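Enquirer: I have a structure here, written as structure tokens, and I will follow up with some questions on it.
The values are calculated or read from the model by the stated rules, or taken from the named source; none is laboratory data. Being a predicted model, the structure only gives us computed values, none of them experimental. For neighbour counting, all protein chains shown are included, and Cβ atoms are generated from backbone atoms with ideal geometry for every residue, glycine included. Heads up: the accessible areas ignore ligands, DNA and RNA and are worked out on the full protein's heavy atoms, side chains in. Shrake-Rupley method; radii C 1.70, N 1.55, O 1.52, S 1.80 Å.
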Amino acid sequence: MTERAPRRSRLRRSALSTGAVVTLAAALFAPAAVAAPPSPAPAEARQSAVAAPDIPVANVKAHLAQLQSIATANGGNRAHGRTGYKASIDYVKGKLDAAGFTTALKTFSYNGSTGYNLIADWPGGDTSHVIMAGAHLDSVTGGPGINDNGSGSAGILETALAVSRAGLQPTKHLRFGWWGAEEYGMVGSKNYVNSLSATDRSKIETYLNFDMIGSPNPGYFTYRYDTALDALFRDYFAGLGISTEQDFEGDGRSDHAPFQDAGIRVGGLFSGADYTKTAAQAAKWGGTAGQAFDRCYHSSCDTSANINDTALDRMSDAIAYAVWTLSAGTTTPPTGTVFENANDVQIPDYGAAVTSDIAVTGRTGNAPAALQVGVDIKHTWRGDLVIDLVAPNGTTFRLKNSSGSDSAANVVTTYSVDASAVPANGTWKLKVQDVGRQDTGYVDSWKLTF
């Protein structure tokens, strides 16, 4: 996973994400209620879950052992521009070629060195509906990168090999990607997305990212940019008796970001990096409170000994579950009514909080226990932002805290709020305050899904 940029250097992205909902007549557009499409039948999901195989964690660890050996033989790392990275990509490609995948090695140039992305397509399926899973294969120069991100790379590799072993004939087309130079700012994945024509980008229906899935003091985090994809993973882990949390640490810092910025829906899993595990998280997931999820993050000790086998096993199985389920059918947002406000609201730099209102009518009783709050905010440094949802009775739900280390741009995500104790009808407010200097932005749109 890419290192957070120092506060003074201000890593910036374009304030106009192509994944955002843009309403040309937004200036005078009033909030409105529209019906969301129905969710897939539970029986379909159950059928896909049965079909998904168990991914042998021993096989995943065997790939990690090979990546460790490659790093050891090549100066202790597998970084972009180094011999260890090219040997890593050759190892993965060899496995996929032997398993019947159609592979393509895509080159790019960065920092004076040739970089490599590996794309592997499984023959068959509707190529106008592509389900893609990806992970970055490069390490930092200071270590072998076995958790970051040998773990995600090995997890999707073994899932791809399981597709071959099963002779899977998916309805949709399956594609896997291994990215180079992620540690320099998602360079490889950006190059891939930018190299696609608009038509080819539109064919990628879903991109799933897996960056660090075997952290030694693990957490179970899901990307919550897309409600349905998040629910897919949350439901899977709920079946194991594991409660997940939303990933904030990796937000915008891994290879899902270029896909999301191109308007492709994204999801994924993460087991934690250098954030500290809380007492509540240790009580829920085990492990050690007050200690980083991965104390060897971006260090020389990120070796094959830096892996939690249980987390790696569960996460790898979840990858297979998602690949089998999504390639067999569709996943849509939950049934319900959507209330949306697409009026732009400017957010003053280091100023007072602003609000955007949505009037909810026609509901009975209280709001749901899983009220979905979709937020699209354009801002040049989202770490400055504090975001709250204010219910009609004044109850306030904190959606996002400020963070001096979150240097990425824009907040485009969906939050889930337990609003079952407050009435549904009335005026709901999205409250946003910029608590840092030098950056500007605006609320593009936001919505409530009941």
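Enquirer: Have a look at 250, 145, 426 and tell me which one the Gaussian network model of the chain (Cα, springs below 10 Å) gives the largest fluctuation.
Expert: Per the Cα network of the chain with a 10 Å cutoff, 426 tops the list.
Enquirer: Principal axis extents for the chain, Cα atoms only, whole Å, descending order, please.
Expert: 62, 51, 47
Enquirer: Tally up the carbon and sulfur contribution to the accessible surface of the chain as a whole percent, 1.4 Å probe, everything protein left in place. Intermediate results must be reported in sequence, preceding the final value.
Expert: On the way: 8880 of 17100 Å².
In the chain, the share of accessible area belonging to carbon and sulfur is 52 percent.
Enquirer: Could you calculate the FRET efficiency of residue 278 with residue 242 from 1/(1 + (r/R0)^6), where r is the beta carbon distance between them and R0 is 22 Å, rounded to 0.05?
Expert: Numbers: r = 16 Å, r/R0 = 0.74.
That gives a FRET efficiency of 0.85.
Enquirer: Looking at the chain, do any whole DSSP H helices span at least 15 angstrom along their long axis by alpha carbon and average 0.0 or above on Kyte-Doolittle, and which?
Expert: Numbers: long enough: 57-72 (22 Å, 0.54); 83-98 (23 Å, -0.47); 152-166 (21 Å, 0.83); 227-238 (16 Å, 0.42); 309-328 (29 Å, 0.35).
Span-like helices in the chain: 57-72, 152-166, 227-238, 309-328.
Enquirer: I would also like to ask the following. Using 1/(1 + (r/R0)^6) with R0 = 45 angstrom and r between the beta carbons of residue 346 and residue 195, what's the FRET efficiency to the nearest 0.05? Can you show the working numbers first?
Expert: Working: r = 35 Å, r/R0 = 0.78.
So, using R0 = 45 Å, E works out to roughly 0.80.
Enquirer: Moving on to the next point. For segment 50-125, what D do you get in µm² per second when you plug the Kirkwood radius from alpha-carbon pairs into Stokes-Einstein at 25 °C and 0.890 mPa s? Could the numbers behind the result be given before it?
Expert: Details: Rh = 14.0 Å.
Rounded, D is 175 µm²/s.
Enquirer: For the chain, what is the accessible area per residue in Å², given a 1.4 Å probe and the full set of protein chains? Write out the running numbers ahead of the final one.
Expert: On the way: 17100 Å² over 450 residues.
Normalised by residue count, the accessible surface of the chain is 38 Å².
Enquirer: What would the Debye equation give as log₁₀ I(q)/I(0) for segment 182-245 at q = 0.21, 0.22, 0.23 Å⁻¹, counting only Cα atoms as equal point scatterers?
Expert: One equal scatterer on each Cα of segment 182-245 leads to -1.00, -1.03, -1.06.
Enquirer: Given 10 °C and 1.306 mPa s, compute D for segment 154-265 with the Stokes-Einstein relation, Rh being the Kirkwood radius over Cα pairs; round to the nearest whole µm²/s. Before the final figure, lay out each step's value.
Expert: Details: Rh = 15.7 Å.
The Stokes-Einstein estimate is 101 µm²/s.
Enquirer: If I build a Gaussian network model for the chain, linking alpha-carbon pairs within less than 10 angstrom, which residue out of 396, 103, 141 has the largest mean-square fluctuation?
Expert: 396
Enquirer: Looking only at segment 102-140, which residues have a backbone nitrogen under 18 Å from a spot 7 Å from the Cα of residue 202 in the C-beta direction?
Expert: Counting only backbone N, you get 126-131.
Enquirer: Stick to the Cα atoms of segment 270-330, pair each with every other, and give me the Kirkwood hydrodynamic radius in Å at one decimal.
Expert: On the way: mean 1/r = 0.0748 Å⁻¹.
Computed over segment 270-330, the radius equals 13.4 Å.
Enquirer: Cα to Cα, under 18 Å, and not fewer than 8 places away if on the same chain: which aspartates and glutamates meet these conditions relative to residue 95?
Expert: 121, 138, 158
Enquirer: How about segment 417-450: which trypsin sites (Lys or Arg not before Pro) there are in a DSSP loop, with at most 15 other Cβ atoms within 10 Å of their Cβ?
Expert: 437
Enquirer: Can I get the semi-axes of segment 70-177's equivalent ellipsoid? Compute them from the C-alpha gyration tensor as square roots of 5 times the eigenvalues, in angstrom, largest first.
Expert: On the way: eigenvalues 144, 41, 25 Å².
Semi-axis lengths for segment 70-177 are 27, 14, 11 Å.
Enquirer: Counting every Cα pair in segment 351-405, what percent are over 13 Å apart? Numbers along the way, then the final one.
Expert: Numbers: 1059 of 1485 pairs.
The proportion of pairs with Cα distances above 13 Å equals 71 percent.
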